[in-house]
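The block underneath contains the structure these notes are about, expressed in C-alpha cells.
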Amino acid sequence: MSVKNLEFLFNPRRIAVIGANENQESLGYRIFRNLLGTGFKGSVYPVNPDMEAVQGVEAYKTINAIQREIDLAIVAIPPEDILIALDECGQKRVKGVIILCPDFNYRVENPQLLQTQIKDSSLKYGFRVLGPNSIGFLRPGIKLNASLFPKMPPKGNIAVISQSVTLSDALLDRAVSKNVGFSCFVSIGLRLDIGFSNMIDFLGVDPETRAIILYLESIRRGRKFMTSVRAFACSKPIVVIKSGRYEASAKVALTHSGTIAGEDRIYDAVFKRAGAIRVDEMIDLFYLAETMAKQRRPKGNRLAIITNSGAPAVIAVDTLLRMGGELAHLSQETLNNLRDHVPSKRKIQNPIDLLYNATPEDYEIAVKSCLRDKEVDGVLVIHTPSFGTKPKETAEAVARTAQTYIYKPLLTSWLEGDQVSAAREFLNDKGIPTFVTPEQAARSFIYMYRYDHNLKLLFEAPEALLKDFIPDYMKVLDIINRASGDKRLVLTMNEVKDILKAYGIPVIPTWNAKTEDEALQISEETGYPVVLKIDSPKIFHKVEKGGVILNVRDRDSVRDAFKRLKDVATSCGDPQAQVLIQPMIIKLGYELVIGAKKDKSFGSVIIFGTGGELLEAIGDYSIGLPPLNQTLARYMMSETKIYRYLNGQHSFENTLRYMEEIMVRFSQLIIDFPHIKEIDINPFFITDKEGFALDAGILLEEEIPKDLKSIKDTLCPPHLSICPYPVSYVKEITLEDGTPAVIRPVRPEDEQLLGKLFNGFSEQTVMMRFYHQFIT
C-alpha cells in the first residue's frame with residue numbers, strides 16, 4: 001500500500017474517537033481531551049453509544065451516525081470490540097484508523113488471530129491502520145495531538161518514528177522540557193499495516209520534515225525498508241537507534257561465518273549500505289539530527305579543536321580517536337598565522353589552546369584560520385568561562401566568522417550553565433550547534449562523517465554481471481541438483497571446491513584417496529609434508545571432530561593418519577567417506593575468512609575478516625550486503641584490522657586488489673544461488689603473491705527452488721535486500737549537448753525525448769535517477 005491514504009490519516013480534516021468518555025483514567029478520555037483545545041482546525045467527533053455528550057461535545061451512537069465524511073478514526077475501546085468498530089469504519093469509508101490498545105499482546109487471549117483479523121479488515125475496506133500498541137501521533141505544525149501524550153511539543157523540522165510505546169513517552173517528555181520541536185512524532189506500534197518504510201516514504205516528501213529519526217527494535221521486511229531509506233537518505237538525514245545489540249540468534253548457525261554474523265552486526269551493515277546513520281545513545285539522536293539540519297557534512301574525519309582550557313579538549317580528543325576520527329594536522333600557513341596572532345608561548349598544535357583568558361578576537365582568528373585550512377574537515381570550538389572572558393562576545397565572534405565560510409561544519413561547546421546560557425542561545429539562533437559537553441560535539445562530528453561516508457556507498461550500484469569474467473553457472477547448478485537428488489544439505493569438500501573454482505575462486509590443489517595405497521601414492525607425488533582431511537557431508541567442522549591432520553611427513557605417518565580419519569568417519573556414521581590430501585602450506589602468509597549466511601529479514605549477507613581457528617575469539621570481521629563491486633568490497637574489507645594492517649605493507653598491495661576481485665566473484669555466487677543458506681571459506685590463505693582457499697563448506701536450504709534458471713534471470717532475486725543494477729536494461733545515448741548518458745528507453749523512438757529530458761544532467765545523475773525509479 002505504501003503511502004496510500006496516509007495524507008488523510010496524518011493531515012485529517014475530521015476525526016472520530018470511538019470510545020471517548022468521561023472516565024479520566026481511560027484511553028478514550030485522554031485521547032479526546034488531547035484533541036481539544038490545542039488549536040486544531042479540524043472537527044472532532046466523540047463516538048459512545050452510552051453517552052449524549054463527552055467533555056461538552058455532542059456524542060454519536062456509532063461512527064455511521066456522523067453525517068460528515070471521516071478521515072481518521074481513533075479506536076480507544078477494549079480489544080474484544082475492535083473488530084466491530086473496524087467494520088463500522090469500513091462501512092463509513094474511513095481512510096485511516098489508529099488502534100491504541102497499549103500492551104496489546106498481553107490483553108488479548110489470541111493476539112495472532114486478532115492481528116490477522118485486523119489486517120484482513122484493512123485489506124477489505126482499504127483503510128490504513130496505525131498500531132495497535134500505539135500511543136498515536138502528533139503534528140505540531142497543524143496543532144494536532146492525536147496521541148496519549150498530554151503536552152504539545154513546539155513545531156520543528158525533525159520527524160520521529162518510534163516502535164516503543166514507553167520510549168515514545170520518554171522522548172516526548174524530554175523534547176518538551178528541552179523545547180525540541182518536531183514536524184511529526186509517530187508511535188508506530190505493532191506495524192500490522194503502517195510500518196517504517198511507509199512512514200519514510202511519506203515523510204520523505206513532507207516539506208516540513210528535514211530529518212527523520214527512527215527508534216526500532218526489529219525490521220520484518222528488509223528489502224522494503226532498504227528501498228525506502230535509500231530513496232530519501234540523500235535528501236534527508238535518517239538517524240537510527242536500534243535496541244538489542246546483544247542477542248543469541250546466531251547460535252543456531254552451522255558455519256563459523258553464520259555464527260559470527262549476529263543480528264546486530266547485520267543491522268550495522270544495513271544502515272551503512274542504506275545511507276542511514278546509527279547512533280549509540282538516545283541523547284545523540286536529537287543532537288545529530290539538529291546538527292545535520294544546520295551544518296554541512298564533513299568530507300573527512302579530521303577535526304580541529306580550538307579551546308581556552310586543556311582538559312575539555314583532551315576529553316574531546318579521546319572521544320574523537322575512540323570513534324575513528326583524526327586530529328587534523330594543521331597546514332604550515334595556518335600555524336604561521338596562529339603564531340603571529342595568538343598570545344601563546346607554547347608550540348602551536350592541534351588542539352589549539354588559546355589560554356584561559358582568550359579574547360573574542362583570538363577565537364575569531366583561530367576559527368577563521370582552521371576553516372580555511374585544506375587539512376581540516378571540521379572545527380570544534382570549546383569555551384570555558386573564566387576570569388576576564390566574554391562568553392557572549394566570543395560566541396558573536398565565532399558566529400560572525402562562521403558566516404563567512406560555510407563549507408565546513410562548525411560545532412561549539414560552551415561549558416558551565418547560567419554564565420553561558422545567553423551565548424548558547426545566540427549560537428543556536430545563528431544556526432550553529434552547541435553542546436553541553438565536548439564529547440557530545442565530537443560524537444556528532446564523527447556521526448556526520450559516517451553519514452557522508454554511507455551516502456558514498458549509496459551511489460555504488462553494482463551490476464548483475466561481472467565484467468571480464470563469466471562463471472560456470474551450469475556446473476554449479478548440476479552440483480546442487482545432484483545434492484538435492486541425494487537429499488543432502490551439506491556439500492562435500494570436493495563439491496565445494498568445484499563450485500568455488502567455477503566462480504574463479506582458487507582452491508589449494510586437492511586430491512581424493514579412497515584407499516590407504518592411494519593416499520600413499522598421492523602423498524609421494526605431492527611431496528611431504530602433506531595434510532589429510534576427512535570429506536563427509538556428516539562432518540561439517542572437521543577440526544572439532546579430529547578430521548584434519550597436519551604436517552604429515554612420511555609414509556608411516558600417512559598410513560596412521562588415513563586410519564585415524566577413517567575411524568572418525570565411521571564414528572560419525574559415514575564409513576564410505578573419502579580422505580582428501582593437500583600440500584602442507586609453509587609459506588609466510590595470513591588466514592582470512594570469507595563467508596555468507598541468510599538473515600531472516602535482509603536475506604544473504606557476506607562476511608570478511610581474520611580467519612583460522614581463532615576466528616570467533618579474535619572477532620575481527622565485517623559484514624556487507626550483496627551485490628558488491630570492487631569499491632564496496634574495499635570499503636567492507638577496510639573495516640577490519642587485518643586489512644588495515646596489510647594495507648600498510650607495500651608487498652601486499654597487489655594481493656589486496658586481488659582480494660577485491662575475489663569478494664566480487666564470491667558476491668556473484670551468492671547472487672546467482674539463493675538456495676545457499678550458509679557458506680564458509682575458512683581459511684582463505686594469502687601471501688604477498690597469491691591467495692587460495694584451504695578449506696570450505698556449504699549448507700543448502702532445505703527447500704531448494706525447482707526452477708533455478710528462472711531465479712537467475714530474475715531482475716531482483718528474492719534473497720537480496722538490494723537489487724543489482726539492471727545492466728541488461730540500460731542503453732547508452734548522447735544528449736543534445738554531446739554529453740554521454742546511460743538510460744534504457746521504453747521504445748526506440750523515445751531516444752530523442754530522453755535526450756531533451758535529461759539535458760544538463762551528469763551521467764551519474766541520470767543513472768541514479770533511473771536506478772531508484774526502477775527499484776521503487
Q. Using the Cα gyration tensor of region 111-158, with a ≥ b ≥ c the square roots of its eigenvalues, what is the shape: rounded (a/c below 1.5), prolate (a/b larger than b/c) or oblate (neither)?
A. prolate
Q: Could you give the size of the charge dipole of the chain about its Cα centre, using +1 on the Cβ of each K and R and -1 on the Cβ of each D and E, expressed in debye and rounded to the nearest 20?
A: 1260
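Give me the extension gain from Ser218 to Gln117: residue separation times 0.36 nm, minus the current Cα-Cα distance, reported in nm with one decimal. Kindly include the intermediate steps, with their values, before the conclusion.
Details: separation 101, 0.36 × 101 = 36.36 nm, distance 2.26 nm.
34.1 nm is the gain from fully extending Ser218 to Gln117.
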Q: Starting from the amide H of Val17, placed 1.01 Å from N in the peptide plane, find each other amide H under 5 Å away whose residue is 5 or more places distant or on another chain.
A: Tyr45, Val47, Ile74
(Q) Taking R0 as 56 Å, what FRET efficiency do you get between Glu281 and Arg555 from their Cβ-Cβ distance, rounded to the nearest 0.05? (A) 0.30
Q) For the charge dipole of the chain, defined by +1 on Lys and Arg C-beta atoms and -1 on Asp and Glu C-beta atoms about the Cα centroid, which residue among Phe8, Ile142, Gly612 has the Cα displaced farthest towards the positive pole? A) Ile142
Q.
Sort 61-74, 433-446 by packing, meaning the average of other beta carbons within 10 Å per residue, with the highest value first.
A. 433-446, 61-74
(Q) What's the ranking of 425-432, 96-103 by average number of surrounding C-beta atoms within 10 Å, highest first? (A) 96-103, 425-432
Q) Taking the Cα-to-Cβ direction at Glu393 and at Tyr528 and moving 7 Å from each Cα, how far apart do the two end points lie in nm? A) 8.8
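In the structure displayed, which of Lys236/Lys597; Lys272/Lys689; Lys487/Lys563; Lys294/Lys408; Lys641/Lys677; Lys533/Lys597 lie more than 22 Å apart, Cα to Cα?
Flagged as over cut-off: Lys236/Lys597; Lys272/Lys689; Lys487/Lys563; Lys641/Lys677; Lys533/Lys597.
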Q. Using a basic spin-label model with each label point 7 Å from the Cα along Cα→Cβ, how many nm lie between His329 and Arg296?
A. 2.4
(Q) What number comes out for accessible area per residue over the chain if the probe is 1.4 Å? Units Å², please. (A) 44
Q) For the chain, what does the alpha-carbon gyration tensor say about shape, rounded, prolate or oblate, given a ≥ b ≥ c as the root eigenvalues, a/c under 1.5 as rounded, and a/b over b/c as prolate? A) oblate
(Q) Could you work out the relative contact order of the chain? I mean the mean sequence separation of Cα pairs under 8 Å and 6+ apart, divided by the number of residues, in percent. (A) 9
Q: Assuming a ≥ b ≥ c are the square roots of the Cα gyration tensor eigenvalues, decide whether region 538-620 counts as rounded (a/c under 1.5), prolate (otherwise, with a/b larger than b/c) or oblate.
A: oblate
Q | For the chain, cysteines whose Cβ has no other cysteine Cβ within reach (under 4.7 Å) | A | Cys89, Cys101, Cys184, Cys234, Cys370, Cys572
Q) If we sort 644-650, 368-374, 347-353, 404-410 on the protection proxy, mean other Cβ atoms within 10 Å, highest first, what's the order? A) 368-374, 347-353, 404-410, 644-650
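How would Phe469, Phe673 rank on accessible area, largest to smallest, probe 1.4 Å?
The residues order as Phe469, Phe673, largest area first.
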Q: Keeping the other protein chains in place, figure out the carbon and sulfur percent of the accessible area of the chain, with a 1.4 Å probe.
A: 49
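The values are calculated or read from the model by the stated rules, or taken from the named source; none is laboratory data. None of these values were measured; they are calculated from a predicted model. Virtual Cβ from ideal backbone geometry, glycine too; neighbours counted across all protein chains shown. Quick note on the areas: whole protein, heavy atoms, side chains included, nothing else; ligands and nucleic acids left out. Shrake-Rupley method; radii C 1.70, N 1.55, O 1.52, S 1.80 Å.
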